1. So how far, in whole Å, is the C-alpha centre of the range 143-187 from the one of the range 69-92?
2. Given axes a ≥ b ≥ c from the Cα gyration tensor, I'd like to know whether the range 1-106 is rounded (a/c under 1.5), prolate (a/b larger than b/c) or oblate.
3. For the peptides 35-41, 139-145, what is the packing order when you average, over each peptide's residues, the other Cβ atoms within 10 Å and list the highest mean first?
4. Mind checking which aspartates and glutamates have their C-alpha under 17 Å from Lys183, skipping anything on the same chain fewer than 8 residues away?
5. Per DSSP helix of 4 or more residues, -39500 (n - 2.57); summed, then divided by the residues of the chain. What does that give at 222 nm, rounded to the nearest 500?
6. Got the relative contact order for the chain handy, in percent, Cα pairs under 8 Å and 6 or more residues apart?
7. Any chance you could get the radius of gyration and Dmax over the Cα atoms of the range 85-187, in Å?
8. If the cut-off is 24 Å between C-alpha atoms, which lysines fall inside it for Lys8, apart from same-chain ones fewer than 8 positions away?
Amino acid sequence: MEVNKILKLSATMLQMKDVEEVFRYNETIEEFQNDDLELLVSCVNLVCSAIATDYIPLTRTKVVDNNKGVVSFAEITDRQIYKVLKVLDNYGQKMPFKITSEGIECGKGNVEIIFSCFPKDYSYNDVIDDFYADLTERVVAMGVVSEYLYIRGNSDDASIWESRFKTAMRNIVRPRKEVVLHKRRWW
């Protein structure tokens, strides 16, 4: 997914003619200064964070040699961690851990840390590659429109777009059952 496509769809959904003109006639969007466009980019980042925390967690695994008994967050990832799911020892067994201000306090030795993190902050020409393929630009754009309208104070329209976004996200992450037709007997 491309951030530019999400911004263009969002501008179309919001009927923002001036922002649509930016995408139609300018090659580089960074040079164009527009408060609405900058707010839309901020909304893209808000929506991506909401997707990562509420619908499609960005779960990562990192193996670290823990000599001190505390693994700092900087050793694990450069992204912000919002939940540590489990810590495993060399043999794949769960081990007790405690989150402190310095990092994750656990037993010494090689440890495997499984955690969920926030996505990185995106700008105009970035590609969002953190989420799997069922998530489309249109669905993210609906969330962006909802966030934009809430920020601008139009809560009635924002709640409509939020409902559309949440319904689309539930459809993306819902478990799908395999359809099985039982064999019939004819006599």
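No value in this document is a laboratory result; all are computed from the given coordinates. Treat the numbers as computed from the prediction; the structure is a model and nothing was measured. FYI the Cβ positions are ideal-geometry reconstructions off the backbone, even for glycines, and counts take in every protein chain you see.
1. Centre-to-centre (Cα) distance: 33 Å.
2. prolate
3. Numbers: 35-41: 16.7, 139-145: 26.3.
Top to bottom by mean Cβ count within 10 Å: 139-145, 35-41.
4. Excluding near neighbours in sequence, the set is empty.
5. -13500 deg cm²/dmol
6. 27 percent
7. Radius of gyration, then largest Cα-Cα span, for the range 85-187: 22.2, 74 Å.
8. Lys17, Lys120, Lys166
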